[in-house]
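Single-structure report; data block below.
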Amino acid sequence: MATTSFTKKTLGLENGEPAVTPPTTETQANFLKKPKLAAAPPRKRDIPEGLWTKCKKCGVMMYDKELDDNLKVCPKCQYHFPIAARERIHALVETCSFEESDASMESVDILQFTGASSYTSKLEQYKKSTKLKDAVCTGIGRMGKYRVALGVMDFGFLGGSMGSVVGERLTRLIEAATGKGLPVIIISASGGARMYEGTFSLMQLAKTCGALAYHAKAKLPYLSVLTNPTMAGVMASFAAVGDLILAEPGAMIGFAGPRVIESTTQSELPPGFQTAEFLLEHGLIDAIVPRGEMKARLCSYLEYLMVGREQLAALGG
Amino acid sequence: MKYQLDFERPILELQRKLDDLKKHPEDHSLSVSFEEEVAAIEKKIEETRRQIFAHLSPWDRIKIARHPKRPFTLDYAESVFTDFSELHGDRLFADDPALVGGLAKLGEQKVLLIGTQKGRDTKENIKRNFGSAMPEGYRKALRLMKMADKFGLPIISLIDTPGAYPGIGAEERHVAEAIAVNLREMMLLEVPIVATVIGEGGSGGALGIGVADRVLILENAYYSVISPEGCAAILWKDRAAAPKAAAALRITAKDLSELGLVDEIVPEPLGGAHNNLPDMAQMLKAALITNLEALKKHTGSERLKMRYQKYRAYGRFVETQKKTAGLENGDSSTNGFPGAGAI
């Protein structure tokens, strides 16, 4: 994310009054819309701390708070910036309804991975920068009238990669949902399986899909939301088997990386290749849903997909 | 010309010496008889081979796993199995020659055989995409496996692929989805499934036909989340660091067995499977039959439960307190088989 250097500000001001007058009154109105999320302060960008962000796509300068309040979507061109897992959860569930699961679970360097950098130091680095213990946050919360088992990945943690902890947290979440008769919603953002855990990471693909097999057998809905990016090992497992597969606009979604494909096939990739729009056209995803509408759309889909369960409950079954 | 691996060179040099001697018996040294000299060289070959194969690095083993003369699925279809009859097509788009399947007999047992298939030469490799399957391959495999499940045929899966094909068509027809669906559906097939990594176990492309009750691996095969070259390119910024990555990823049969990620190592004849197909086929056949017979002793639902638990157990992590939301009231369904508690 680009941050301008000429508007340096004193640190720790993001929760207080802006030090610089914002450009339009319109943006000021946006500040009042939503109270600041106490439990999960927005992730601080690495360098340098700024008040303004330049949109990657349209280049418009916007006030950070305006971007935060718009769920990290550019108000002008609708470019979807990455959003931290906790911020996203906050935007999806009813206030105070989310109970996080398995929060103490942490990755271990099972292979004692020796290489250009150690796995342990990478983990420490990302724990610090994201204030997360690994690349997914799971728990049960209420969305509209439904309790849902919600898993939200965070691309900021080691590229959202799936190792044992991501696999285990999601598997427990899905199993809990199966046991409790709850729908599952997983918001993916991942470069794929985590190399540092070798074949253990690969097995998480089978583990999560296995748990979903039994969740599906219990006729419970699973909604998979693909965000930028959802690739490789994550796309080749739980992300691809939703009853409904939704995607955020412009998200990169696929199996192999575009550069790998280009070098393997020695051919030019079609325009828009591996974007959400491309995959909608090619029949993989059910709908593209902008971030701001995501909660309402998910709740609305659940109302349809839970009809069977509710009829069963009404019959006392 | 015979394809050779760098570390096989001393063996091949001795072999050449032996061939020369046999061609020109008059050249043998005067101090010993011709027969004695032949025997001495043969013994030396055997010793050298034993010496070399006792000290293979992970990278050496990956080279063996990729050896162009290594037996492929269709070689085993003819040597381990009898009456193999290939079945084609996913009934959606095409037939994928990189992932083959068909009916066959393993001893007396009728089975479904599926496996990824590389080409022996350039022409065949173009046809078979170097063993990298397309979405059609995974969908064909699933179609055949569901049929096998319907009619009670056990499934034998042979894995030898560098990975699913990274191509435009593969993405347009959603190879990731095809693999993911297989992972989910294979977990619910009631017939016994035995998967064996016979060469390369390349990531999701391998796992896509690899969810099984028993997972075997040949002594010189590997099974990895990413190719050593791919890992080296990302973590070392240099594909040439692949040997280092191969060691770090711990992807050899021995490593995987120690980590508990495979059930059994099938030994290869001295010098590797490419050196002796008949012996390799015999050893593989014995291992498949033993495992299949053991699985047949269980009911379908027992197998499903064990299969789920097997994959459920993969993963290493630490946690200071165990708490899964919504399960605080003594609900233990996360510890058990989800199918058992589900409606």
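Tell me, please, whether a residue that is open to solvent by less than 10 Å² (accessible area, probe 1.4 Å) and in contact with a Pro (Cβ under 6 Å, 6 or more places away or on another chain) can be found in the range B:139-156. Yes, there is a match, as at least one residue in the range B:139-156 is open to solvent by less than 10 Å² (accessible area, probe 1.4 Å) and in contact with a Pro (Cβ under 6 Å, 6 or more places away or on another chain). Checked against (1) in contact with an Asp or Glu (Cβ under 9 Å, 6 or more places away or on another chain); (2) closer than 29 Å to B:Thr161 by Cα; (3) outside the structural domain of B:Thr161 (by TED's automatic domain parsing), B:Asp20 passes all but condition (2).
Kindly establish whether B:Thr299 is among the polar types (S, T, N, Q) and under 30 Å from A:Ser107 (Cα atoms). No.
Within the range A:61-77, residues that are outside the structural domain of A:Arg291 (by TED's automatic domain parsing) and surrounded by fewer than 19 Cβ atoms within 10 Å (Cβ to Cβ) sit with their Cβ atoms under 6 Å from residues that are assigned to a strand (DSSP E or B) and aromatic (Phe, Trp, Tyr), at 6+ positions apart or across chains, in these pairs: A:Met61/A:Trp52. Answer with yes or no whether B:Ala206 is assigned to a helix (DSSP H, G or I) and either more than 22 Å from B:Met145 (Cβ to Cβ) or open to solvent by less than 10 Å² (accessible area, probe 1.4 Å) (or both). So B:Ala206 fits the description; yes. A Cβ distance below 8 Å, combined with a sequence gap of six or more or placement on separate chains, defines the contacts here; from the range A:134-149, residues that are closer than 20 Å to A:Glu124 by Cα and small (Gly, Ala, Ser) reach residues that are modelled with pLDDT of 95 or more and part of a strand (DSSP E or B) in the pairs A:Ala135/A:Met153; A:Ala135/A:Met162; A:Ala135/A:Ser190.
Assessment of the range A:244-264 against the conditions (buried (at least 23 other Cβ atoms within 10 Å of the Cβ), more than 11 Å from every other protein chain (Cβ to nearest Cβ) and under 18 Å from B:Ile179 (Cα atoms)) yields no matching residue. Here the strands (runs of 3 or more DSSP E) wholly within the range B:68-125 that include at least 3 residues being open to solvent by less than 10 Å² (accessible area, probe 1.4 Å) are B:99-106, B:109-116.
Of the residues that make up the range B:31-54, is at least one closer than 26 Å to B:Glu268 by Cβ and touching a Gly at 6+ places or on another chain (Cβ under 7 Å)? Taking every residue of the range B:31-54 in turn, at least one turns out to be closer than 26 Å to B:Glu268 by Cβ and touching a Gly at 6+ places or on another chain (Cβ under 7 Å).
Is it fair to say B:Ala212 is under 18 Å from B:Leu103 (Cβ atoms) and open to solvent by less than 20 Å² (accessible area, probe 1.4 Å)?
Judged against the criteria, B:Ala212 is not a match.
Which of the residues that make up the range A:174-204 are in contact with a strand residue (DSSP E or B) (Cβ under 7 Å, 6 or more places away or on another chain) and facing chain B (nearest Cβ under 7 Å)?
Once the filter is applied, which keeps residues that are in contact with a strand residue (DSSP E or B) (Cβ under 7 Å, 6 or more places away or on another chain) and facing chain B (nearest Cβ under 7 Å), the range A:174-204 yields A:Ala176, A:Ala193, A:Gly198, A:Thr199, A:Ser201, A:Leu202, A:Gln204.
Filtering the range B:171-186 to residues that are more than 7 Å from every other protein chain (Cβ to nearest Cβ) and within 18 Å of B:Ala98 (Cα to Cα) leaves B:Arg173, B:Ala178, B:Asn182. Of everything listed in (1) in contact (Cβ under 8 Å) with a residue 40 or more places away in the chain; (2) open to solvent by less than 10 Å² (accessible area, probe 1.4 Å), the single unmet condition for A:Ala232 is (2). Entry remark, the range A:265-275: residues being surrounded by 15 or more Cβ atoms within 10 Å (Cβ to Cβ) and modelled with pLDDT under 90 number 1 in total.
Selection within the range B:170-181: residues that are part of a helix (DSSP H, G or I) and either in contact with a His (Cβ under 7 Å, 6 or more places away or on another chain) or open to solvent by 20 Å² or more (accessible area, probe 1.4 Å) (or both). The member of this set that is nearest to A:Pro258 (Cα to Cα) is B:Glu172. Looking across the range B:253-278, the residues that are within 20 Å of B:Thr48 (Cα to Cα) and either within 14 Å of chain A (Cβ to nearest Cβ) or out of contact with any strand residue (DSSP E or B) (no Cβ under 7 Å at 6 or more places or on another chain) (or both) come down to B:Pro267, B:Pro269, B:Leu270, B:Gly271, B:Gly272, B:His274, B:Asn275, B:Asn276. Tell me which residues, restricted to the range A:127-145, are open to solvent by 50 Å² or more (accessible area, probe 1.4 Å) and touching a helix residue (DSSP H, G or I) at 6+ places or on another chain (Cβ under 9 Å). Correct list: A:Lys131, A:Lys133, A:Lys145. Inside the range B:135-162, residues that are of a type in the set (Ser, Thr, Tyr) and part of a helix (DSSP H, G or I) make up a count of 1.
The single condition from (1) hydroxyl-bearing (Ser, Thr, Tyr); (2) closer than 24 Å to A:Ile174 by Cβ; (3) open to solvent by 50 Å² or more (accessible area, probe 1.4 Å) that A:Ser97 fails is (3). Filtered by the rule that a residue be farther than 23 Å from B:Lys146 by Cα and hydroxyl-bearing (Ser, Thr, Tyr), the range B:66-87 gives a lone residue, B:Ser79. Taking the condition of being touching a helix residue (DSSP H, G or I) at 6+ places or on another chain (Cβ under 7 Å), over 19 Å from B:Gly204 (Cβ atoms) and in contact (Cβ under 8 Å) with a residue 24 or more places away in the chain, how many residues in the range B:223-257 meet it? Adding up the residues that qualify gives 4. Criterion applied to A:Met203, A:Met162 was being touching a residue at least 24 places away in the same chain (Cβ under 8 Å) and touching a Lys or Arg at 6+ places or on another chain (Cβ under 7 Å), and the one residue passing it is A:Met162. Of the candidates B:Arg307, B:Arg303, the single residue that is within 30 Å of B:Ser79 (Cβ to Cβ), surrounded by fewer than 20 Cβ atoms within 10 Å (Cβ to Cβ) and either touching an Asp or Glu at 6+ places or on another chain (Cβ under 8 Å) or away from chain A (no Cβ under 14 Å) (or both) is B:Arg303. Taking the criterion of being surrounded by fewer than 21 Cβ atoms within 10 Å (Cβ to Cβ) and of a type in the set (Ser, Thr, Tyr), the only residue of the range B:229-269 that qualifies is B:Ser257.
In the condition set (1) more than 13 Å from B:Glu172 (Cβ to Cβ); (2) surrounded by 14 or more Cβ atoms within 10 Å (Cβ to Cβ), A:Phe278 is compliant with all but (1).
Given the condition small (Gly, Ala, Ser), modelled with pLDDT of 95 or more and more than 30 Å from A:Glu168 (Cα to Cα), answer yes or no: does some residue in the range B:315-332 qualify?
Looking for residues that are small (Gly, Ala, Ser), modelled with pLDDT of 95 or more and more than 30 Å from A:Glu168 (Cα to Cα), one finds none in the range B:315-332, hence no.
For the range A:267-317, give me each residue that is assigned to a loop (DSSP other than H, G, I, E, B), more than 17 Å from A:Gly257 (Cα to Cα) and not small (Gly, Ala, Ser). A:His282, A:Leu284, A:Ile285, A:Asp286, A:Val289, A:Pro290, A:Met306, A:Leu315 - these are the residues of the range A:267-317 that are assigned to a loop (DSSP other than H, G, I, E, B), more than 17 Å from A:Gly257 (Cα to Cα) and not small (Gly, Ala, Ser). Scanning the range A:271-283 for residues that are within 11 Å of chain B (Cβ to nearest Cβ) and over 19 Å from the mean Cα position of the chain (by Cα) yields A:Phe273, A:Phe278, A:Glu281, A:His282, A:Gly283.
The values are calculated or read from the model by the stated rules, or taken from the named source; none is laboratory data. These numbers come from a predicted model, not from an experiment. Cβ atoms come from the backbone with ideal geometry, glycine included; neighbour counts cover every protein chain shown. Areas reflect the complete protein model, heavy atoms only, side chains present, ligands, DNA and RNA absent. Shrake-Rupley method; radii C 1.70, N 1.55, O 1.52, S 1.80 Å.
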